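Right, one structure below, let's go through it.
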There are 2 protein chains.
Amino acid sequence: MSCIKTIREKGLKLTLQRQLIVDAIHSTQEHLTSDQIIAYVQDRTPGINKSTVYRTLQLLEEAGCIYKSELGGQLIYHHNEEGHHHHLICRKCGRTIDCKDDIFRQFEKTLEDRYGFKATFNHMVISGLCTKCKRLS
Amino acid sequence: MSCIKTIREKGLKLTLQRQLIVDAIHSTQEHLTSDQIIAYVQDRTPGINKSTVYRTLQLLEEAGCIYKSELGGQLIYHHNEEGHHHHLICRKCGRTIDCKDDIFRQFEKTLEDRYGFKATFNHMVISGLCTKCKRLS
DNA sequence: ATCGGTTTTGCGAGAAAGTGCAATAACTAT
DNA sequence: ATAGTTATTGCACTTTCTCGCAAAACCGAT
């Protein structure tokens, strides 16, 4: 929850709107869609504009407090935490598994060796099946 | 350019609109945004509706003729070709490098071993720097 | 070549996301 | 505590994409 601190340090203003949006993002370990964030915020303080939410999400992303990913054509948001840089999402049960940054290390090397391509993986969200759901299918 | 054949085989009708959209997709090796496809089509036959383009793109995707990816929040389209299942896009020069399906083989194994997660990678678009641009930066 | 059934298109309307601008609220210095 | 400066919000509007429906086009059978 150092987002508030980051906002202050960047000389940005701490408004109720921003606090609520930061709250929403931290209210779960899962990823949230913009819809869900808007609902959370408007539920607690009706009248808050959607544009404000979109702009704040962009601002928080640029400040490094949250990050935005894409899953199934939808934009999803998650708070940023040290050490947990990528996510595996089960397409059956929806569970999120956090995984370490170094998971791509070997794969990056393969791309560099084979194609001379320097890939950069930031907060990747990978779709698939978790251990349980894999067994049941 | 077997899209036309696929359309016929599926009992779908071959309209001028669909031909133009297939043309657009095949006019380049690069990925196209919906904007670019709409422009291409309307340039050749003014009056063609955007909805038609969006619907046809979805139809072609479901028929397996093209695929849709996401890059930088934008949806991009590309024709489907045997053997070239993933793409590396240089974020500096924009060049597309096609790469083989098996590039993810090792990485999939790592995810399965470490997290018990069965990931599926379809037509991935990976952002990074190509050999030339990497050298210059 | 024409007819008729079915698909497809264009149109209007609408949701989702983003933007410019004037009014408002937050923070700083007094 | 107050005033002034600057950032932020809400509003209205634009853009991107989607959907239902009536009119038009396609294609196979005649």
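Results, tabulated for the structure shown:
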{"item": "For the range B:4-18 versus the range A:1-53, the gap between their alpha-carbon centres in whole angstrom", "result": "48"}
{"item": "0 to 90° range, to nearest 10: angle between helix B:16-26 axis and chain B longest Cα axis", "result": "30"}
{"item": "For a label point 7 Å along the Cα-to-beta-carbon line of A:T131, residues of the range B:107-135 with backbone N under 17 Å", "result": "B:109-119"}
{"item": "Accessible surface, per residue, of the protein assembly as shown when the full set of protein chains is kept, probe 1.4 Å, Å²", "result": "55"}
{"item": "Range in chain B, longest, excluding exposed GluC sites (Glu not before Pro) [loop by DSSP; at most 15 other beta-carbon atoms within 10 Å]", "result": "B:83-137"}
{"item": "Theoretical ellipticity at 222 nm over the protein assembly as shown - DSSP helices of four or more residues, -39500 (n - 2.57) apiece, nearest 500", "result": "-12500 deg cm²/dmol"}
{"item": "Average other protein chain Cβ within 10 Å of Cβ, residues B:87-99", "result": "2"}
{"item": "Cleavage-rule hits (trypsin sites (Lys or Arg not before Pro)) in the range A:1-97: DSSP loop, at most 16 neighbouring Cβ within 10 angstrom", "result": "A:K10, A:K13, A:R91, A:K92, A:R95"}
{"item": "DSSP beta bridges in the protein assembly as shown [antiparallel fraction, %, rounded to 5]", "result": "80"}
{"item": "Percent of beta bridges antiparallel (DSSP, the range B:86-136, rounded to nearest 5)", "result": "50"}
{"item": "DSSP bridge orientation in chain A - percent antiparallel, rounded to nearest 5", "result": "75"}
{"item": "Kirkwood Rh (inverse of mean 1/r, distinct Cα pairs), the protein assembly as shown, angstrom", "result": "21.1"}
{"item": "Dimensions in Å of the range B:6-137 - Rg and Dmax from alpha carbons", "result": "17.2, 54"}
{"item": "12 Å beta-carbon shell around B:E30, net charge (K/R +1, D/E -1)", "result": "0"}
{"item": "Helix A:50-62 axis, angle to chain A major axis (alpha carbon atoms, nearest 10°)", "result": "50"}
{"item": "Cut-off under 5 Å, modelled amide H: who pairs with B:A119 long-range", "result": "A:L129"}
{"item": "Using a 7 Å Cα-to-Cβ projection, B:E62 label spacings across copies, nm, ascending", "result": "4.0"}
{"item": "Cα centre as origin, Lys/Arg/Asp/Glu Cβ charges: the protein assembly as shown dipole, Debye", "result": "120"}
{"item": "Formal net charge of residues neighbouring A:T120 (Cβ-Cβ distance under 15 Å; K, R +1; D, E -1)", "result": "+2"}
{"item": "Surrounding net charge for B:G94, when Lys and Arg each add one and Asp and Glu each subtract one, Cβ distance under 13 Å", "result": "+3"}
{"item": "Top of A:T56, A:T33, A:T110 by mean-square fluctuation, Gaussian network on chain A, Cα under 10 Å", "result": "A:T110"}
{"item": "Angle between chain B longest axis and helix B:34-44 axis [Cα atoms, degrees, rounded to 10]", "result": "30"}
{"item": "Sites B:F121 and A:K50 - FRET efficiency at Förster radius 51 Å, r taken between beta-carbons, to 0.05", "result": "0.95"}
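The values are calculated or read from the model by the stated rules, or taken from the named source; none is laboratory data. None of these values were measured; they are calculated from a predicted model. Please note: Cβ atoms are built from the backbone with ideal geometry, for glycine as well, and neighbour counts cover all protein chains shown. Remember, those area values only see protein heavy atoms, side chains included, never the ligands or the DNA or RNA. Shrake-Rupley method; radii C 1.70, N 1.55, O 1.52, S 1.80 Å.
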